[in-house]
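Here is the structure we will look at.
The values are calculated or read from the model by the stated rules, or taken from the named source; none is laboratory data. What you are looking at is a predicted structure, and each value in this text was computed from that prediction instead of being measured. Cβ sites come from the backbone with ideal geometry, for glycine too, and all protein chains shown count toward neighbours.
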Amino acid sequence: MSVADRDPQTQEALTRTETARGQVSRSKGAMPLLSVEHLVKNFGPVRAVNDVSLDLFEGEVVGLVGDNGAGKSTLLSILTGYHHADSGVFRYRGEVVAHTSPSSSRRALKIEMIYQHLDLAPDLPVWQNLFLAEERRKFKIFLDKRWMRQRAAEVLGELGSKVKPDDLVGALSGGEQQVVAISRALLFERDIVLMDEPTAAISLNKVRDVLDLIMRLRGLGKTVVLVSHRLEDILEVADRIVILRRGTIAQILHNDHQMSVSELARMMFEDVVHSGVGISDGESVAEENR
Ligand SMILES: Nc1ncnc2c1ncn2[C@@H]1O[C@H](COP(=O)(O)OP(=O)(O)OP(=O)(O)O)[C@@H](O)[C@H]1O
Ligand SMILES: [Mg+2]
C-alpha cells in the first residue's frame, strides 16, 4: 500500500509515529533503566515472542497493546522470570544481567509484577501480605511486626490510600487489593511495575482509582508497563504505546494524547510493518536509542 492509498486519519496517525521516532532519538542521552534485546520465546511450534527489543526509561508509563495471543503476557512473564526466554539479552542500567528466575527479576532487574488475579492471601492482614516471603526479623529470629506495620502504613500513605496495615485483605475491594499489591513495589524499592489487565477484575467505577495509582507511581519515579484491552485507559496514562503483533513489536508510538481509541485500534490491527511506508518499527526505535 502506498502512502497516498491511506485514509487521512491513518496517515495522520502515521505522521505522529514519525514524531514519536524523533522524540525517542532526542532522548538518546538518557540511559535506559531496562533494555531487552532480541527476545525470543517459543511454546512448541508457536513463537509467542519474536525478536523483541525494547528500552524502558525511568518514570514512564508504557502501554503494551495487541490482539489476543499477541504475546503481551508472555513478554511480561519472561521479565518476571516465570518463563525463560529461548534467547535474548537483558540489561539493567546498561549492564548485562543474567536473568533466569523470579528472584533475578526482583533483585537484579528491580521488577514487581501485579498479577491479573492478585496473588494475595485473603485471610491475612495487609501488612503480612506486604511482607509475605520477605519478612523482616529481629536477631534473624523474631518477626519485627512493629516495624513492618509501620512501613506498611508509610507506603500505603505514599500511594494516597485509606487502607490500613491491619485490614484483612479479603475484606478489601478489588481496587484496594491492587493498592496492596502495588505497595510491595515501593516497599522493596523496585523500579519497574508490570501490570497485566489490572482493571479486568474490578468494577468500572474503580478503574479511575487504578489509573490514578499508576500516575502516582509514575510521579514517584517508577516505570510502569501496563497491558490492557481498555485502549481508553492506555491512551489516558501511557507516555509511549508499544503495539505487539504476533509476537513482534509492530510499532512504538509517542502518546500525544490526541489519538482516538478507534485510531489506535486501527493501528493495532492494520498491517503497517511491511507496508513500505517507512514508519518506525520497534526494533529500529530501540536501536536508535543505543
Ligand atoms: N504456557 C503456554 N504454553 C503454550 N502456549 C502458550 C503458553 N502461553 C502462551 N502461549 C501461546 O503464546 C501466544 C501468546 O500468548 P499470550 O498469552 O502471551 O498473549 P496475550 O497477548 O497476552 O493475549 P491476551 O490478550 O489474550 O491475554 C499465544 O499463541 C498463546 O496460545
Ligand atoms: Mg494476556
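Going by the conditions given, is Leu75 buried (at least 19 other Cβ atoms within 10 Å of the Cβ), touching a strand residue (DSSP E or B) at 6+ places or on another chain (Cβ under 7 Å) and over 23 Å from Val179 (Cα atoms)?
Yes: the conditions hold for Leu75.
Restricting to the stretch 182-231, name every residue that is buried (at least 20 other Cβ atoms within 10 Å of the Cβ), within 16 Å of ligand 2 (Cβ to nearest atom) and at pLDDT below 90.
Hits for the stretch 182-231 are Pro198, Thr199.
Taking His117, is it within 16 Å of ligand 1 (Cβ to nearest atom) and at pLDDT below 95? Write out each step before concluding.
On the way: within 16 Å of ligand 1 (Cβ to nearest atom): yes; at pLDDT below 95: yes.
It is true that His117 is within 16 Å of ligand 1 (Cβ to nearest atom) and at pLDDT below 95.
Criterion first (closer than 18 Å to Leu34 by Cα and either within 16 Å of ligand 2 (Cβ to nearest atom) or loosely packed, with under 15 Cβ neighbours inside 10 Å (or both)) does Val242 satisfy it? Working first, answer last.
Values: closer than 18 Å to Leu34 by Cα: yes; either within 16 Å of ligand 2 (Cβ to nearest atom) or loosely packed, with under 15 Cβ neighbours inside 10 Å (or both): yes.
Here the answer is yes, as Val242 does meet what is asked.
Report, by residue number, each residue of the stretch 247-266 that is in contact with a strand residue (DSSP E or B) (Cβ under 8 Å, 6 or more places away or on another chain) and small (Gly, Ala, Ser).
Pass one, the stretch 247-266, residues in contact with a strand residue (DSSP E or B) (Cβ under 8 Å, 6 or more places away or on another chain): 247-255, 259, 264.
If the condition is that a residue be in contact with a strand residue (DSSP E or B) (Cβ under 8 Å, 6 or more places away or on another chain) and small (Gly, Ala, Ser), then Gly247, Ala250 are the ones that fit.
Sort out which residues of the stretch 63-86 are over 10 Å from the mean Cα position of the chain (by Cα), outside any helix (DSSP H, G or I) and either of a type in the set (A, V, I, L, M) or closer than 30 Å to Met259 by Cα (or both), and write them in order of number.
Val65, Gly66, Asp67, Asn68, Gly69, Ala70, Gly71, Ala85
Return the total of residues in the stretch 35-62 being within 11 Å of ligand 1 (Cβ to nearest atom) and either in a loop (DSSP other than H, G, I, E, B) or outside the structural domain of Leu235 (by TED's automatic domain parsing) (or both).
We begin by selecting, within the stretch 35-62, every residue within 11 Å of ligand 1 (Cβ to nearest atom); these are 41-50.
Those left that are additionally either in a loop (DSSP other than H, G, I, E, B) or outside the structural domain of Leu235 (by TED's automatic domain parsing) (or both): 44-45.
Qualifying residue count for the region: 2.
Go through (1) out of contact with any Ser or Thr (no Cβ under 8 Å at 6 or more places or on another chain); (2) of a type outside the set (Phe, Trp, Tyr); (3) without any contact (Cβ under 8 Å) to a residue 60 or more places away in the chain for His84 and report which single condition fails.
(1)
For the stretch 162-278, which fully contained helices (runs of 4 or more DSSP H) count at least 2 residues that are away from ligand 1 (no atom under 16 Å from the Cβ) and among the basic types (Lys, Arg)? It would help to see each step written out before you state the result.
Details: elements: 174-187, 204-219, 231-237, 261-269.
Those helices (runs of 4 or more DSSP H) span 204-219.
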